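Heads up, the thing below is written out as structure tokens.
The values are calculated or read from the model by the stated rules, or taken from the named source; none is laboratory data. Model, not experiment: these values are computed from the prediction. Cβ sites come from the backbone with ideal geometry, for glycine too, and all protein chains shown count toward neighbours.
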Amino acid sequence: MTGKISEIFESIQGEGIYWGSKQIFVRFSGCNLRCSYCDTLIETFSEYAIEELIGRIKSFGRNFHSVSFTGGEPLFQKDFLSEALKMTKQEGYKTYLETNGTLPNELKQVIDNVDIVAMDIKLPSSTGSVSHYWDEHRDFLKTANKGEVFIKAVISLSTTKDDIFKMAELLKNLQYEGVMVLQPNSFDNALLLKEKLGEFKKTCEKYVADVRVIPQMHRLIGVK
């Protein structure tokens with residue numbers, strides 16, 4: 001079995017509640033979505049066998065927080081991801097899954113070997129998509145919520161209050177007790193987004209206890 005991997009590199013996590021943590025990033029090629037703000041649409045890839053991937057991870061030593069399986073969408077290659085997570089855990093590394101949160105059945109097949117789930121909620125008004133994934137997000141979070149998970153939603157100038165309410169109610173109904181991260185779209189004007197982020201944060205705090213506004217820090221400090 002082989003997997004399509006775009007790149008493997010060492011850096012610091014730039015998004016979410018673990019920003020600043022040193023990680024090894026395994027970027028999977030391919031995704032089931034096409035979001036308007038996507039900054040990781042990498043078409044080139046190399047074919048890796050499981051043993052080759054684990055060997056590459058081991059070459060970085062041990063001085064890092066975790067191995068981030070990111071994309072694209074890692075669950076788009078669920079069979080390879082399942083084996084990669086299992087082997088990574090057997091080697092004693094902490095596993096961190098960055099996912100768009102729309103493939104709940106695939107998550108069920110790998111969750112036992114995932115330590116941390118960084119789950120996106122794809123707001124239709126932010127992504128520019130005519131489709132919505134509320135049902136998929138609900139089912140996904142039911143599984144992810146059994147372990148450590150935090151939620152991230154990209155906020156754009158186009159994001160509507162209605163989508164914010166739907167997201168907040170979804171999390172409340174599932175009794176989500178983790179962190180909700182509102183991430184400003186890096187492609188939008190930060191000054192124009194400031195008021196909207198403040199308003200949305202106050203709205204979300206009526207439903208979720210811990211709401212944070214965290215930009216893409218790796219972009220701000222100029223690292224990969």
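Values as computed for the structure displayed
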quantity	calculated
Test: GLY20 is at pLDDT below 95, buried (at least 19 other Cβ atoms within 10 Å of the Cβ) and under 22 Å from ASN185 (Cβ atoms)	no
Check on SER156, among the small types (Gly, Ala, Ser) and surrounded by fewer than 17 Cβ atoms within 10 Å (Cβ to Cβ)	no
Segments classed as helices (runs of 4 or more DSSP H), wholly inside region 45-162, with at least 2 members that are under 18 Å from the mean Cα position of the chain (by Cα) and either touching a residue at least 40 places away in the same chain (Cβ under 8 Å) or closer than 30 Å to VAL208 by Cα (or both)	78-90, 104-110, 124-127, 134-144
